[in-house]
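So the structure is just underneath, and the comments pick up after that.
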Amino acid sequence: MPENTPRTDASWVSSPNPTLYSPRNLARYKRLVGELSHTYAWRIDNTALAGLYAEHVSARHLEIGPADAEMLATTPPPAPPEQWRVDVLDINTAPLAHAQQRLSGRAQVTAHLHDILAAPWPGLSRTFTSIAMGNVLHCVPGAGFTAKATAFNGLVDALTDDGVAFGYTLLGAGDPDADHNLPARLLMRAYNKPGRNTFHNRGDRLVDLERQLNLRFAQVDVRVMHSAAVFVVRGPIR
Ligand SMILES: C[S@@+](CC[C@H](N)C(=O)[O-])C[C@H]1O[C@@H](n2cnc3c(N)ncnc32)[C@H](O)[C@@H]1O
């Protein structure tokens, strides 16, 4: 179960949203987000995402913001259940519990209740040979990727020297480098409404994401997939 029991922590920068990430919503996350939103709004290629997981997930893996843990639950396991060690880190308790239950029998799972914008991440330095952070950065507050720097610093710290971190995030509606369709723009406007605590990506720009990653990793690969930026990074610069 989560290491830290409090549901809110005064040192956190973000706020949990237990109503949005409730057990009920996690049960339908795959249909509503992974299938409908990915297909008709964000135009994210789920086969390509599955390929990222299949290629990069290792026997010592950190999953940040698992929600329903669909990707990890369906990717080919890199090791037998007793040797596949997965840590999950999330600001909301239900995704942690859901991931632990969903991955039981597939991996040894340790959960961390933590905000990725709060430094330091809990005792995870140089631990993971793979880290995934999919669809998380657009959920955390900040005027742009520069304001979300603590999350990138956490990746650098948690990754081993030979590890790989990867993920995807939805770029802001005003980013000239993104390719948003009308449903994407309408959904982003609704999800970014003040007080909703669903999206905080109005200021997220591809060029700033590339800059933040290039400051911290020796190898950076970022590509646009319609509304999303997909990244793979190696060689943490300490
Ligand atoms: C949109 S879901 C992404 C689920 C999945 N990784 C995917 O690829 O679709 C966002 C996840 O990030 C978590 N999350 C949101 N803000 C966070 C924060 N500040 N720190 C840690 N986790 C956060 C949410 O609880 C949720 O599990």
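The values are calculated or read from the model by the stated rules, or taken from the named source; none is laboratory data. As the structure is a computational prediction, the values presented were derived from the model and not from experiment. A quick note on method: Cβ atoms are made from the backbone with ideal geometry, for glycine too, and the neighbour counts reach across all protein chains shown. With ligands, DNA and RNA removed, areas are computed over all heavy atoms of the protein, side chains included. Shrake-Rupley method; radii C 1.70, N 1.55, O 1.52, S 1.80 Å.
Structure data summary
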quantity: Every residue from segment 69-83 that is farther than 30 Å from Leu182 by Cβ and open to solvent by less than 50 Å² (accessible area, probe 1.4 Å); calculated: Ala69, Leu72, Ala73, Thr75, Ala79
quantity: Options Val86, Val136: the member that is of a type in the set (A, V, I, L, M), under 17 Å from the mean Cα position of the chain (by Cα) and open to solvent by 10 Å² or more (accessible area, probe 1.4 Å); calculated: Val136
quantity: Residue selected from segment 37-68 under the condition more than 8 Å from the ligand (Cβ to nearest atom) and closer than 16 Å to Ala111 by Cβ, by the criterion most open to solvent (accessible area, probe 1.4 Å); calculated: Arg60
quantity: Number of the condition not met by Ala149 [criteria: (1) open to solvent by 40 Å² or more (accessible area, probe 1.4 Å); (2) assigned to a helix (DSSP H, G or I); (3) more than 24 Å from His38 (Cα to Cα)]; calculated: (1)
quantity: Among residues of segment 15-36, those that are within 11 Å of the ligand (Cβ to nearest atom) and outside any helix (DSSP H, G or I), counted; calculated: 7
quantity: Arg223 vs. criteria under 23 Å from Thr75 (Cβ atoms) and out of contact with any Gly (no Cβ under 7 Å at 6 or more places or on another chain); calculated: yes
quantity: Members of segment 115-144 that are under 13 Å from Glu63 (Cβ atoms) and near the ligand (Cβ under 9 Å from one of its atoms); calculated: Ile116, Ala132, Met133, Gly134, Asn135, Val136
quantity: Test: residue in segment 108-116 that is part of a loop (DSSP other than H, G, I, E, B), touching a His at 6+ places or on another chain (Cβ under 8 Å) and at pLDDT 95 or above; calculated: no
quantity: Residue match in segment 189-206 (condition: more than 18 Å from Leu124 (Cβ to Cβ) and in a strand (DSSP E or B)); calculated: no
